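Right, one structure below, let's go through it.
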Amino acid sequence: MKNLTLKAIIIASVVSLGSCSEDEAVKPDTNNNNGNNSTSINKYSGSASYGDLVTFSIDKSNNTYTLNNETFANTESGSFEVLSDTVFGGVYGNIFEGIYQVVANNDTFFAVELDDKIIAANFPSGNSNNDISFGVSSEIDNSGRQSEIAGSYFYTKLGPYLNQGYPMEWGIFTAEGDSLFGTWVDEKAPVDTGFYIPLTSQNNDSSGTGFNYVYSINNDRLVVSDGSSTATGYVYIGGNTSVFLIDLGTGAGSVFAYKMDESWLVNGPDDASIVGDYKYVDFETDGTKGAGNFNISSSGIITASWTDGNSVEINQASNPLVYTGYPNLYILEDYDGAGSDIYVIFAGDAVMYFDFDGAGTFTGYGTGGKLG
């Protein structure tokens with residue numbers, strides 16, 4: 001995030017990750033390195049923002065990666081550096097520690113891998129139209145787990161429509177049985193309209209059109225249908241740190257959703273749970289890609305550190321995050337004195353952000369989480 005008057009501040013969770021729940025059902029887990037194997041290779045399946053199906057292979061022993069764009073049959077591969085406290089001569093300590101940095105075609109890209117179960121990356125993905133790619137572990141088998149997937153999710157839709165003058169689409173859907181009932185809204189409406197959580201097929205008629213799908217599970221992938229077409233989905237279930245991805249097809253974009261902790265509706269927000277440091281990757285609509293760290297203090301003040309690999313920007317917000325009333329969703333209002341707002345979604349250790357300028361135009365987003 002450039003032009004930071006605090007800009008890279010918040011990152012939001014796309015990818016929600018945290019430690020796996022103890023009862024998480026997985027295939028024999030190759031996405032793990034317990035010291036008994038000489039090689040640690042993590043494999044992921046997921047979606048890129050333009051709507052391409054992608055798979056990742058991360059070789060943590062040799063610091064190499066392969067990204068396969070299944071939609072276009074293109075493969076990207078190379079090596080990455082795990083940033084440490086010595087980056088930039090050690091001047092900034094460990095604020096970027098754990099982020100993966102890739103240099104390709106004289107450009108710098110980044111990735112964040114969370115708990116060996118989720119990855120977010122802005123490096124080349126076989127299609128220059130993709131901004132950020134997301135994946136969940138290919139070793140996860142979600143068969144028979146609809147009851148664990150059930151719940152309400154806050155979602156954002158990313159894709160080329162954002163560059164065509166259309167407002168950003170985001171909203172809430174509820175997973176129930178094999179159905180996804182939802183409602184979507186434009187621009188800043190989630191804090192202005194009355195959503196009732198959980199949603200049902202009867203009360204999903206707020207601003208915009210209905211979000212209605214059915215899905216079935218095929219091991220690590222989902223078949224998602226709106227009745228006339230099908231899409232590919234992925235889900236990571238980790239209690240409240242759960243993420244839902246729907247690839248709508250190339251050019252149609254992707255839906256990224258993060259599970260809400262509905263206990264907040266009764267008990268109020270768990271502000272203490274969001275305190276700490278988060279590593280993230282990001283993308284700005286002007287084409288800028290970077291990565292960074294933001295620290296959230298106990299008073300809700302964010303200090304954001306951002307880099308494009310060549311320089312560093314550090315900024316601190318003058319006002320705190322404010323809980324919106326929707327579980328896990330906070331807002332940093334008027335962070336630049338010109339009416340710009342940043343929304344942040346927390347899901348366990350994962351986080352995602354997206355921001356709008358004073359005119360309500362979408363200007364960027366990022367995702368990551370607590371790495372340790």
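The values are calculated or read from the model by the stated rules, or taken from the named source; none is laboratory data. Since this is a predicted model, take the numbers as computed values, not measurements. Reconstructed Cβ throughout: ideal geometry from the backbone, glycine too, with neighbour counts over all protein chains shown.
Of the residues VAL214, VAL243, which single one is at pLDDT 85 or above and within 21 Å of the chain's Cα centre (by Cα)? Selected residue: VAL243, the only one of VAL214, VAL243 that is at pLDDT 85 or above and within 21 Å of the chain's Cα centre (by Cα).
Comparison of SER152, SER143 shows that the only residue that is within 25 Å of ASP220 (Cα to Cα) and in contact with a Phe, Trp or Tyr (Cβ under 9 Å, 6 or more places away or on another chain) is SER152.
Within 14 Å of THR307 (Cα to Cα) and surrounded by 14 or more Cβ atoms within 10 Å (Cβ to Cβ): does that describe ASN74? The answer is no for ASN74.
Table: residues versus (1) surrounded by fewer than 16 Cβ atoms within 10 Å (Cβ to Cβ); (2) farther than 17 Å from LEU329 by Cα; (3) modelled with pLDDT under 85; (4) in contact with a Ser or Thr (Cβ under 7 Å, 6 or more places away or on another chain).
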residue: TYR161; (1), (2), (3), (4): yes, yes, yes, no
residue: PRO167; (1), (2), (3), (4): no, yes, yes, no
residue: GLU176; (1), (2), (3), (4): no, yes, no, no
residue: SER206; (1), (2), (3), (4): no, yes, yes, yes
residue: ASN219; (1), (2), (3), (4): yes, yes, no, yes
residue: SER229; (1), (2), (3), (4): yes, yes, no, no
residue: GLY249; (1), (2), (3), (4): no, yes, no, no
residue: PHE256; (1), (2), (3), (4): no, no, no, yes
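Residues in the stretch 122-149 that are hydroxyl-bearing (Ser, Thr, Tyr), part of a loop (DSSP other than H, G, I, E, B) and crowded, with 24+ Cβ neighbours inside 10 Å: SER125 only.
Can you spot a residue in the stretch 329-337 that is small (Gly, Ala, Ser), on the phi > 0 side of the Ramachandran plot and part of a loop (DSSP other than H, G, I, E, B)? Explain how you work it out, then say what you get.
Narrowing the stretch 329-337 to residues small (Gly, Ala, Ser): 337.
Still in the running and on the phi > 0 side of the Ramachandran plot: 337.
Subset that is part of a loop (DSSP other than H, G, I, E, B): 337.
Checked the stretch 329-337: at least one residue is small (Gly, Ala, Ser), on the phi > 0 side of the Ramachandran plot and part of a loop (DSSP other than H, G, I, E, B).
Of the strands (runs of 3 or more DSSP E) contained entirely in the stretch 45-121, those carrying at least 1 residues that are within 24 Å of ASP247 (Cβ to Cβ) and within 20 Å of the chain's Cα centre (by Cα) fall at 53-59, 64-69, 100-104, 107-114, 118-121.
Take the conditions (1) within 21 Å of LEU329 (Cα to Cα); (2) in contact (Cβ under 8 Å) with a residue 24 or more places away in the chain; (3) among the aliphatic types (A, V, I, L, M); (4) in contact with a strand residue (DSSP E or B) (Cβ under 6 Å, 6 or more places away or on another chain); ILE237 misses just one of them, which is (4). In a residue-by-residue description of the stretch 258-274, the property of being over 22 Å from GLY46 (Cα atoms) and either touching a Lys or Arg at 6+ places or on another chain (Cβ under 9 Å) or part of a strand (DSSP E or B) (or both) applies to no position.
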